[in-house]
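Rule-based calculations on the coordinates, nothing more; no lab input. All values derive from a computational prediction rather than experimental measurement. Here the Cβ is made from the backbone with ideal geometry for all residues, glycine too, and neighbour counts use every protein chain on show.
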Amino acid sequence: MIAAVNITLQFGERCLLDDVTFHIGPHDRIGLVGSNGAGKSTLLRILLGENTPDTGVITRAKYVTVGYLPQEGTSLTGRTLYAEVESVFADIIQTQRDLTAVHEAMAKEPPDTDAARELLEIYGELQHKLEASDGFRMQSAIEKVLTGLGFASSDLDRMTDEFSGGWQMRIALAKLLLQQPSLLLRDEPTNHLDLDSLEWLEEYLQTYEGAVMLVSHDRRFLDTMTKRTFELTGGELIEYAGNYTFSMKARDERRLHLEAAWRNQQQQIKQTERFIERFRYKATKARQVQSRIKALEKIERVELEDEENEIRFSFPPAPSSGQVVMTLRKIVKHYDDLEVFNGVDFEVDRGDRIAVVGVNGAGKSTLARIIAGVEPYDSGERLPGHNVAVSYFAQHQAEELDPSFDVLQTVEAVATGDIRTRLRSLLGSFLFTGDDVFKKVSVLSGGEKSRLALAKMLLVPSNLIVLDEPTNHLDMRSKAVLQEALAEFEGSLIVVSHDRDFLDPLVTKVVEFRSGSIRTFLGSVSDYLAARHREAVAAASSSATSQQLQSPTAGVSDRERKRREAEIRQERYKKVSPLQKKLDVVERAIAVLEAEKASLEEIMADPELYKGPEKIRDVNAAYKTVSDRLQDRYHEWGKVSEELERLMAQYDAEMARI
């Protein structure tokens, strides 16, 4: 569908993309990963056509469309929410207008005239066009996507100007999903979503007809959504035939093989050099020496990949505090006419590790700011415990850094005591090395600003850490190190986040904001989601029981009920059996292809393969063929499974109504 061939892009002296080649199939699910600044967003813009590489070409089929949503910067104004999202269906809207105009013209024409017959024919063609474009389902499609992304029915008539930046990004995402491009490019799609919307997006993308390429630092989202992984590192693009977790295991194995090949080659080089040095001036060995020198010059050197730096740090020891760290009593908070809290009680005990979750706008960040003591409230009490020291980090703090300061000045302004002598070392652990510490804040990237804001937070000892979306601008390695440091922190922890993989090892309690109330769940975020799922199943079961009691067949004889059940089972068998057989055939084909693919991956992991260019090409070609066939089979399996599940649910519902 789309192919990138020998793409190279240079920024100054740095080669961001170095002879990169890859292809994207029509149903691919690809995760694009790499450290901050590796070139992920740049590569997306090249695919979109906004950036032009220095060398190489992007080829695509004529029918292919590409849709892209950046991380930030979207601003929509001047229309209602519904009208803004509806604008993606401009062709359908025009067809509807044409239908109305033709219908009005038909009403003015006498029947059985040539003009009336011509209008009737045009009307039929327009209706056919509307049906072909699925125009009759436009409204339901818009409402489905907006509801899934967290918008309420009452939001449809609100002006887009009224929505905050995060909700603006959701509007742009809704438009992109409804456009259904052949290739959907998403840069950090989870940043502005809460857990409910994130789960809905996962389900939606799993049945998306086109290809999807995702840039994300949410490991669980990548593992759920992707089947291929492109890793950008040092200008090179390395492809893995699996999700993020698979790619990391394969990368480690590849590195081990590469190190083994490097050691073997170094040993051979040293032996050759010793031979040359020993017999360089011996006439009887001159021919052999020259032969070894030429062989040494021609040898293709195995090069080890540079290990990328990581953030390594630990929080200062937590000062001892009382048993109750923080208490909020009857907190009332309004923003103009918007009521956020009305009498909220909240308590944090020593050692609590709390995740705060809920839909956007429910008040999670407001609660975090009140706990941190940086947000005023209308009434109630905020009661810190004995000897409590709070450290607070929020997304906006990265933007509140003084742009006239450089990196070193920023931390010097808050550092006290002996730590002032170790600031360069501290900044080095946050990837600010050498002259980087003299960079002005105004020229830092979003990720660099976030790391700098986190570094500032580290400088003050605390026993209560409050973090509001701390991972949005951290790459995988930085996030893992922060996670490890928080796991070792001895004080209390409150984290507002939707990053399930980050939260799960850290928290022991989940506080949910929903419909103006707070509920507490003990356990990890996975435990919380499982509890929510059980509640949804129980509610659905209760609803089905209620419908069954109200069913028109309630009270009919057992004989009649059994007869109807038999009819439904027979009808279900006739429709389900062919699909089940087809699913079995597809699953067997997938098993065969996966075995072929695994065999080829073993060959590709063997360093001996890379000694022969022709063999590499043959193996790569075979691997590409098998991968493409496997993707097609996965897509077929998904469609058949979806239809099978739909039929089973339909017949289960019919049986429940009897």
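The table below lists the values:
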quantity: Hydrodynamic radius by Kirkwood, which averages 1/r over all alpha carbon pairs of segment 558-657, in angstrom; calculated: 16.7
quantity: Reported label for calculated Kirkwood radius over Cα pairs in Å given (i) 28.9; (ii) 26.8; (iii) 29.7; calculated: (iii)
quantity: The chain: DSSP helices with Cα axial extent of at least 30 Å and average Kyte-Doolittle hydropathy no lower than -1.0; calculated: 525-549
quantity: Sequence of Asp652, Asp28 once ranked by neighbouring C-beta atoms within 10 Å, starting from the fewest; calculated: Asp652, Asp28
quantity: Pairwise FRET efficiency - Glu560 versus Leu258, Cβ, R0 = 56 Å, nearest 0.05; calculated: 0.20
quantity: Part-to-part distance (alpha-carbon centres) for segment 164-206 and segment 339-353, which is given in Å; calculated: 31
quantity: Three-way shape label, segment 375-522, alpha-carbon gyration tensor, a/c 1.5; calculated: prolate
quantity: Test item: Cα-centred dipole of the chain, Lys/Arg +1 and Asp/Glu -1 on Cβ, debye; calculated: 2420
quantity: Separation between Cα centres of segment 35-105 and segment 231-301, rounded to whole Å; calculated: 47
quantity: Order of Thr508, Thr113 under a 10 Å beta carbon neighbour criterion, fewest first; calculated: Thr113, Thr508
quantity: All-pairs Cα distance distribution in segment 93-231, expressed in whole percent, bin size 5 Å; calculated: 2, 8, 15, 16, 13, 11, 9, 8, 6, 5, 3, 2, 1, 0
quantity: Most to least packed among 381-389, 165-173 [average Cβ atoms within 10 Å]; calculated: 165-173, 381-389
quantity: Inter-part distance where segment 495-518 and segment 361-396 are each reduced to a Cα centre, Å; calculated: 16
quantity: Fraction of beta bridges assigned by DSSP in the chain that are antiparallel (%, nearest 5); calculated: 55
quantity: Theoretical ellipticity at 222 nm over the chain - DSSP helices of four or more residues, -39500 (n - 2.57) apiece, nearest 500; calculated: -16000 deg cm²/dmol
